[in-house]
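**Q** One structure, pasted below without further comment.
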Amino acid sequence: MSIWDYANPVKFIRTADHILPWVSGAALLCLVTGLVWGFFFTPDDFRQGSTVKIIYLHVPAALMAINAWLMMLVASLIWIVRRHHVSALAARAAAPIGAVMTVIALATGAIWGQPMWGTWWAWDPRLTSFLILFLFYLGYIALWEAIESDDTAADLTAILCLVGSVFAVLSRYAVNFWNQGLHQGASVMRAGAMAGDTEERVSNVFAVPLFVCIAGFVLLFVALVLLRTQTEIRARRTRALLARERVA
Amino acid sequence: MDLIATDLGVARGGVPVLEGVGFVLRPGRALVLRGPNGAGKTTLLRTVAGLQPPLSGRIEGAGERVAYAAHSDGLKAMLTVAENLRFWARVFGTSGIGAALEGFDLTGLSDRLAGTLSAGQKRRLGLARMAVTGRPVWVLDEPTVSLDAGSVTLFAEAVRRHLAAGGSALMATHIDLGLAEAAVLDVAPFRARPGVAAEDEAFL
Amino acid sequence: MDLIATDLGVARGGVPVLEGVGFVLRPGRALVLRGPNGAGKTTLLRTVAGLQPPLSGRIEGAGERVAYAAHSDGLKAMLTVAENLRFWARVFGTSGIGAALEGFDLTGLSDRLAGTLSAGQKRRLGLARMAVTGRPVWVLDEPTVSLDAGSVTLFAEAVRRHLAAGGSALMATHIDLGLAEAAVLDVAPFRARPGVAAEDEAFL
Amino acid sequence: MIALLSRDLALAVRAGGGFGLGLAFFLIVTVLVPFGVGPETALLARIAPGVLWIGALLACLLSLDRILALDWEDGSLDLLATAPLPMEGIVTVKALAHWITTGLPLVLAAPMLGVLLSLPVEGYLWVFLSLALGTPALSVIGTFGAALTVGLKRGGLLMSLLVLPLYVPTLIFGAEVARRGAEGLAVSAPLAMLAGISCGVIAVLPFASAAVLRINLR
Amino acid sequence: MIALLSRDLALAVRAGGGFGLGLAFFLIVTVLVPFGVGPETALLARIAPGVLWIGALLACLLSLDRILALDWEDGSLDLLATAPLPMEGIVTVKALAHWITTGLPLVLAAPMLGVLLSLPVEGYLWVFLSLALGTPALSVIGTFGAALTVGLKRGGLLMSLLVLPLYVPTLIFGAEVARRGAEGLAVSAPLAMLAGISCGVIAVLPFASAAVLRINLR
Amino acid sequence: MPELGKYAVAVLSSYAVSLGLILALVALTLRRARRVRADLEKVEERVKRG
Ligand code: HEM
Ligand SMILES: Nc1ncnc2c1ncn2[C@@H]1O[C@H](COP(=O)(O)OP(=O)(O)OP(=O)(O)O)[C@@H](O)[C@H]1O
Ligand SMILES: Nc1ncnc2c1ncn2[C@@H]1O[C@H](COP(=O)(O)OP(=O)(O)OP(=O)(O)O)[C@@H](O)[C@H]1O
Ligand SMILES: [Mg+2]
Ligand SMILES: [Mg+2]
């Protein structure tokens, strides 16, 4: 059986029904473990004090915000090339989740910035590009909402997603050029790769619960996307049945 | 070259409206589509004109050979009659708008802004546009709306001239055009079975 | 109280279209306006409804007694049928939309968004609005556009009920409403002399 | 009247995001400013009150054409004119609905966006207060502009041109309050002027709007 | 193609000031800024390049809905789609016409308005040059947004929301050129980027616009 | 409860904001899922009968 068979709406709903309990259970488990561990059982950082605890929310949310857009991009491409309705609806389902993750990253970042940099907000490249990403999410969601015909909406938002991705990358580069910032480099990933440099890397005390949290966010995202895609499929099916009733 | 539609299915707003439509339109012939409001005549014509893809079946001999006149005339209120017409002539790569103006009795109006024309005059201008496209297949959607009796005759003559020159015409209308020689196709029998919503099929 | 128009002149877009129109509409009576396209029926009705001042002459017994239904229905696509109707009931200070819904066979549709109605259903909703205004004089502009035969009968019955309750109705239409008892007024003879552009008079 | 207000609010919430778009525009303009003038915090802090005011004004301006145009297009406006509501009441309610759906969100969001522009701490209260006082005037003036251009095809840009000069006094005093407030100076004089303008506009302009609208419906 | 271009230009000149309105908006925004941020010359001079860029961008944005909406409403777009012009050509010509009627006047007017904002002398050339390089990109990106929202009722504000994030890179590099130029710094790096973006956008985006427009005409 | 020191407000508020947003998202998703499911079942029931 090819993977594309799951692009059939009915089959997708059934399959998703099977996996959803497991995924959501695992997501809940990881999130609770990671957050409780991080919040209650990790020491304060010698420089950042207790604010390091924010990392368990901030970093996973930031990662998911970007990855949700990547997933939408892939789903849009699949829709454009193979025209499987489920992938278009999955992209639609993922957008609000990505937007919320962006808001969480922005909010926790801002709250963190106040004690660390002495300001809620600075026009740091990473921060700025997140703000732009948020705008892209808003536009994408608004376009879906504005168009009545479902397939037209899928087509247009898919193209918007493609063009938007290119411009998002461009913006990232532009913003980098425009201002050099305050924000942390990618030290977690280096910690994960066990690279030498002990000064910079996040110590394992923080890293392990952080990875648990990241896993929790990923699983949460997957669970939400599955559920929301199911909902979108059902809503579309309802509309289709109603339309048929009206015509008949 | 004939215009041939075979087993054509068309949809509007995602809902199939006609299916299994087939006809052959020879050069020199005219075909009139009939059917009640909402039957799908406009949708069929848009499909033939290439503005939307057919749901099923195929159309041959259309494409670049078709000149399409829709419900709305696409006139610019702030350009004069001659400017409007000349624009379309240039777009279609022809020249000389004199014959078209004369054929639809617009010569006296050629310097008026299109916005100041009456509805019937506007419609005449919209039809004159067909004559400057130089295309062999005219696809006309209710061409005689808001025309008075005299203008309908003018229109019938223009179509006859076009047919005599080897062109053909596909028209949707509710009224009698005075073109006795035209074949008639009633689209009502081709109404699509209800509810096989084209793009929603996967969801049913 | 009667609706009386005496020596009425009306203008549209600055051009007088009718003059010297006069009629009396008693409670319990209906008057149908007839005339070709562009004769000025809509303009006359708008004047009676108080949307524009008459050029000359006077109208008595209109004003706050008139409920007006225009070519367009003023429906909000994003509100349901019941919400649309309830809004107008509240604006006119009446209550209870049940009777109006029933009278126009809309009960089954009351929770549908107005935007998802078919043209005929929309029109029925627009007419149901008249019933919730509680006003004695109905002024209706082509009320039966896009209604099918059954709905036209529904409409005629609603008008009869309104007349029986002491109301009156002034309607413009091109078709037969099935209201044999209604008087007819052809507006064509009252066409204004051409060219006396109302607001440009001082410059002539 | 209340029926009209609640209908307009219901429509704003339902009709495909008419509610959030003004806010989104405000957000975007605020974000663009640093891209234009550069990221230095000190500079941004100095121009923050003015930028917030101009952004709010533009967001308000762009949503004006929804006030009356939709009702005009579907014929509701004609019907409302024959209903037992005074035209003055109708335009006032329309302005109020516009303020609730556009002005109020802007007022509430402005302090948040102030963060993006590093608005000094003392400024938040005054930006908030000046916008709360000024945006009602913007809505009322905007309704006048919308009434002037209702029925014109694509009157949007023309309306902007008509309305912007009328917005200038409100903008001057509003931004002055916000700026002085942010710099810790006395604000009572411009604040009084701003309040005066708002009250005057709200008291008088609905009559003009109603008159204009009556002429346009004719 | 040339026929379409000359028709669009003729229409812009005739159709009730479509030509001057963008310019007027630009003027007004520029004039509002001193009201908003206060009249100090030094401050204005520092933000002048950014303000000019943001003003030009907003003026451009507001005139976008004329690119395709009018042709859509009167049915010309359907007819053009069946004419022997490639859809890519149509959107390119539309973007070009928009640039000539809106972008070009803005470019020419910007130095003039710079005077109002006390732009430093060294800035004039660079503001002019950066706008001349950047506004074509704005028109092309805007055409993409217009094609996305054509046929939507009152899609104007939605279009702004879609287009503005796409404008960010152009704005950043454009304003950077203007600002560095005004301060007498080296501009070659952002200038190259700006030119690169413009060229890239002009070369690629018309294909996306044409695809989107075809979908919308369906 | 761990000792959060002078950053208590920052840490607690960021947890509150994030968890609040996530919970809101989950709640909205579940609510809409339930509603849409119920709607669909109603319609399907009607289609089957009619
Ligand atoms: C609104 C403000 C902020 C935003 C939008 C933001 C955004 C991001 C993003 C996108 C990442 C993921 C980077 C990656 O792994 O590729 C990240 C990671 C991180 N952020 Fe922030 N951030 C903000 C503020 C802050 C502040 C104030 C701090 C602390 C001083 C901070 C500390 C970190 C740390 C430690 C990481 C992990 C870096 C790593 O090891 O990958 N962030 N942030
Ligand atoms: N944009 C649209 N979205 C959804 N449905 C539509 C749309 N336009 C038309 N329809 C529906 O499609 C069907 C066919 O419409 P079409 O315009 O082809 O009919 P027609 O035969 O041309 O009618 P008429 O004689 O009134 O012109 C109608 O039932 C109509 O309700
Ligand atoms: N906005 C306008 N500006 C200028 N003239 C107009 C305007 N609207 C209508 N007219 C003209 O006024 C005249 C009267 O129009 P009116 O709408 O009253 O006609 P009618 O009898 O209602 O026609 P129909 O049967 O088509 O509804 C017509 O000749 C028309 O051309
Ligand atoms: Mg038709
Ligand atoms: Mg009429």
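**Q** Those residues that are closer than 28 Å to E:Val212 by Cβ and either within 16 Å of ligand 5 (Cβ to nearest atom) or free of Cβ contacts under 8 Å to residues at least 12 places away in the same chain (or both), I need them from segment B:13-45; list them, please.
**A** B:Gly13
For every residue, the table says whether it meets (1) part of a helix (DSSP H, G or I); (2) closer than 22 Å to A:Val166 by Cα; (3) open to solvent by 30 Å² or more (accessible area, probe 1.4 Å); (4) free of Cβ contacts under 8 Å to residues at least 12 places away in the same chain.
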| position | (1), (2), (3), (4) |
| --- | --- |
| E:Leu158 | yes, yes, no, yes |
| E:Gly181 | yes, no, no, no |
| E:Leu185 | no, no, yes, yes |
| E:Met193 | yes, yes, yes, no |
| E:Ser198 | yes, yes, no, no |
| E:Ala208 | yes, yes, no, no |
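**Q** With A:Leu227, A:Leu210 as the choices, which residue is in contact (Cβ under 8 Å) with a residue 60 or more places away in the chain and surrounded by 23 or more Cβ atoms within 10 Å (Cβ to Cβ)?
**A** Result: A:Leu210 is the single residue among A:Leu227, A:Leu210 that is in contact (Cβ under 8 Å) with a residue 60 or more places away in the chain and surrounded by 23 or more Cβ atoms within 10 Å (Cβ to Cβ).
**Q** Taking the residues in segment C:168-181 that are more than 16 Å from ligand 5 (Cβ to nearest atom) and either in a helix (DSSP H, G or I) or modelled with pLDDT of 90 or more (or both) as candidates, determine which candidate is farthest from C:Thr144 (Cα to Cα).
**A** C:Ser168
**Q** Kindly list the number of the only condition in (1) within 10 Å of chain D (Cβ to nearest Cβ); (2) open to solvent by 10 Å² or more (accessible area, probe 1.4 Å); (3) not in a loop (DSSP other than H, G, I, E, B) that fails for C:Arg58.
**A** Answer for C:Arg58: the failing condition is (1).
**Q** Could you say which residue among C:Leu25, C:Leu85 is in contact with a Lys or Arg (Cβ under 8 Å, 6 or more places away or on another chain) and away from ligand 1 (no atom under 16 Å from the Cβ)? Step through it out loud before you land on a result.
**A** Numbers: C:Leu25 fails: in contact with a Lys or Arg (Cβ under 8 Å, 6 or more places away or on another chain).
The match here is C:Leu85.
**Q** Which residues, counting only those in segment E:202-218, are facing chain A (nearest Cβ under 10 Å) and of a type in the set (Gly, Ala, Ser)?
**A** Of everything in segment E:202-218, those that are facing chain A (nearest Cβ under 10 Å) and of a type in the set (Gly, Ala, Ser) turn out to be E:Ala208, E:Ser209, E:Ala211.
**Q** Okay, moving on. Residue by residue through segment C:43-90, note down the ones that are at pLDDT below 85 and among the polar types (S, T, N, Q).
**A** C:Ser72
**Q** Continuing with the same structure: Here are some residues: A:Ala68, A:Ala90. Which one is among the hydrophobic types (A, V, I, L, M, F, W, C), open to solvent by less than 10 Å² (accessible area, probe 1.4 Å), in a helix (DSSP H, G or I) and more than 14 Å from chain D (Cβ to nearest Cβ)?
**A** A:Ala68
**Q** Here's a follow-up. When only residues in segment A:151-173 that are more than 17 Å from E:Val163 (Cα to Cα) and buried (at least 23 other Cβ atoms within 10 Å of the Cβ) count, which is nearest to the other protein chains (Cβ to nearest Cβ)?
**A** Only one residue tops the list, namely A:Asp155.
**Q** Still on this model: Please verify whether E:Val115 is modelled with pLDDT under 90, at negative phi and in contact with a Phe, Trp or Tyr (Cβ under 6 Å, 6 or more places away or on another chain), treating the condition exactly as stated.
**A** no
**Q** Of the conditions (1) over 20 Å from A:Val212 (Cβ atoms); (2) in contact (Cβ under 8 Å) with a residue 60 or more places away in the chain; (3) not small (Gly, Ala, Ser), A:Trp121 satisfies every one except a single condition; which number is it?
**A** (2)
**Q** Also: With the requirement that a residue be open to solvent by less than 10 Å² (accessible area, probe 1.4 Å) and either within 19 Å of the chain's Cα centre (by Cα) or at pLDDT below 85 (or both), what does segment D:38-57 give you?
**A** Once the filter is applied, which keeps residues that are open to solvent by less than 10 Å² (accessible area, probe 1.4 Å) and either within 19 Å of the chain's Cα centre (by Cα) or at pLDDT below 85 (or both), segment D:38-57 yields D:Gly38, D:Ala48, D:Pro49, D:Gly50, D:Leu52, D:Trp53, D:Gly55, D:Ala56, D:Leu57.
**Q** Inside segment C:7-55, can you point out the residues that are open to solvent by 50 Å² or more (accessible area, probe 1.4 Å) and within 25 Å of C:His162 (Cα to Cα)?
**A** Of everything in segment C:7-55, those that are open to solvent by 50 Å² or more (accessible area, probe 1.4 Å) and within 25 Å of C:His162 (Cα to Cα) turn out to be C:Val24, C:Arg26, C:Pro27, C:Arg29, C:Arg34, C:Gly50.
**Q** Still on this structure, please answer the following. I'd like the full set of residues that are within 9 Å of chain E (Cβ to nearest Cβ) and either in contact with a Leu (Cβ under 8 Å, 6 or more places away or on another chain) or more than 22 Å from E:Leu11 (Cα to Cα) (or both), limited to segment B:89-112.
**A** Once the filter is applied, which keeps residues that are within 9 Å of chain E (Cβ to nearest Cβ) and either in contact with a Leu (Cβ under 8 Å, 6 or more places away or on another chain) or more than 22 Å from E:Leu11 (Cα to Cα) (or both), segment B:89-112 yields only B:Val91.
**Q** For the list (1) among the aromatic types (Phe, Trp, Tyr); (2) farther than 25 Å from E:Gly134 by Cα; (3) within 8 Å of chain D (Cβ to nearest Cβ), I need the number of the one condition that E:Trp53 fails.
**A** Checking E:Trp53 against (1) among the aromatic types (Phe, Trp, Tyr); (2) farther than 25 Å from E:Gly134 by Cα; (3) within 8 Å of chain D (Cβ to nearest Cβ), the one that fails is (2).
**Q** If you go through segment B:74-108 one residue at a time, how many are open to solvent by 30 Å² or more (accessible area, probe 1.4 Å), under 20 Å from B:Glu157 (Cα atoms) and not in a helix (DSSP H, G or I)?
**A** So the answer is 2.
Conditions (1) at pLDDT 90 or above; (2) more than 16 Å from ligand 1 (Cβ to nearest atom), marked per residue:
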position	(1), (2)
A:Gly118	no, no
A:Ile141	yes, yes
A:Glu148	no, yes
A:Ala154	yes, yes
A:Ala158	yes, yes
A:Val163	yes, yes
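**Q** Another one. Which condition number does E:Gly20 fail, the rest of (1) under 19 Å from E:Leu106 (Cα atoms); (2) surrounded by fewer than 24 Cβ atoms within 10 Å (Cβ to Cβ); (3) facing another protein chain (nearest Cβ under 9 Å) being met?
**A** Going through (1) under 19 Å from E:Leu106 (Cα atoms); (2) surrounded by fewer than 24 Cβ atoms within 10 Å (Cβ to Cβ); (3) facing another protein chain (nearest Cβ under 9 Å) one by one, E:Gly20 breaks only (3).
Matching residues to (1) part of a helix (DSSP H, G or I); (2) open to solvent by 10 Å² or more (accessible area, probe 1.4 Å); (3) under 18 Å from D:Leu148 (Cβ atoms):
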site: D:Ala69; (1), (2), (3): yes, yes, yes
site: D:Leu77; (1), (2), (3): yes, no, yes
site: D:Thr92; (1), (2), (3): yes, yes, yes
site: D:Trp99; (1), (2), (3): yes, yes, no
site: D:Leu104; (1), (2), (3): yes, yes, no
site: D:Leu108; (1), (2), (3): yes, yes, no
site: D:Leu129; (1), (2), (3): yes, yes, no
site: D:Gly134; (1), (2), (3): yes, no, no
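**Q** Still on this structure, please answer the following. Here are A:Ala107, A:Ala146: which of them is facing another protein chain (nearest Cβ under 9 Å), open to solvent by 20 Å² or more (accessible area, probe 1.4 Å) and either within 26 Å of E:Leu213 (Cβ to Cβ) or among the basic types (Lys, Arg) (or both)?
**A** A:Ala146
**Q** Same structure, new question: Please specify each residue of segment C:132-190 satisfying the condition of being within 16 Å of ligand 3 (Cβ to nearest atom), within 14 Å of chain D (Cβ to nearest Cβ) and open to solvent by 10 Å² or more (accessible area, probe 1.4 Å).
**A** Across segment C:132-190, the qualifying residues are C:Glu142, C:Val145.
**Q** I'd like the full set of residues that are assigned to a strand (DSSP E or B) and more than 16 Å from ligand 5 (Cβ to nearest atom), limited to segment C:64-73. It would help to see each step written out before you state the result.
**A** Initially, segment C:64-73 is screened for residues assigned to a strand (DSSP E or B), giving C:66-69.
Answer for segment C:64-73, where residues must be assigned to a strand (DSSP E or B) and more than 16 Å from ligand 5 (Cβ to nearest atom): C:Val66, C:Ala67.
**Q** Taking segment A:11-59, which residues are touching a residue at least 24 places away in the same chain (Cβ under 8 Å), among the charged types (D, E, K, R) and open to solvent by less than 60 Å² (accessible area, probe 1.4 Å)?
**A** A:Asp45
**Q** Quick check on C:Ala128: is it in contact (Cβ under 8 Å) with a residue 40 or more places away in the chain, farther than 19 Å from C:Leu3 by Cβ and either open to solvent by 20 Å² or more (accessible area, probe 1.4 Å) or more than 16 Å from ligand 2 (Cβ to nearest atom) (or both)?
**A** Against the criterion (in contact (Cβ under 8 Å) with a residue 40 or more places away in the chain, farther than 19 Å from C:Leu3 by Cβ and either open to solvent by 20 Å² or more (accessible area, probe 1.4 Å) or more than 16 Å from ligand 2 (Cβ to nearest atom) (or both)), C:Ala128 qualifies.
**Q** Tell me which residues, restricted to segment D:64-101, are within 12 Å of chain E (Cβ to nearest Cβ) and free of Cβ contacts under 8 Å to residues at least 60 places away in the same chain.
**A** D:Arg66, D:Leu70, D:Glu73, D:Asp74
The values are calculated or read from the model by the stated rules, or taken from the named source; none is laboratory data. Only a predicted model underlies this, so the values are computations on that prediction, with no experimental measurement involved. Every residue, glycine as well, gets a Cβ built from its backbone with ideal geometry; the counts of neighbours run over all protein chains shown. Protein only, heavy atoms only, side chains kept; ligands, DNA and RNA dropped before computing areas. Shrake-Rupley method; radii C 1.70, N 1.55, O 1.52, S 1.80 Å.
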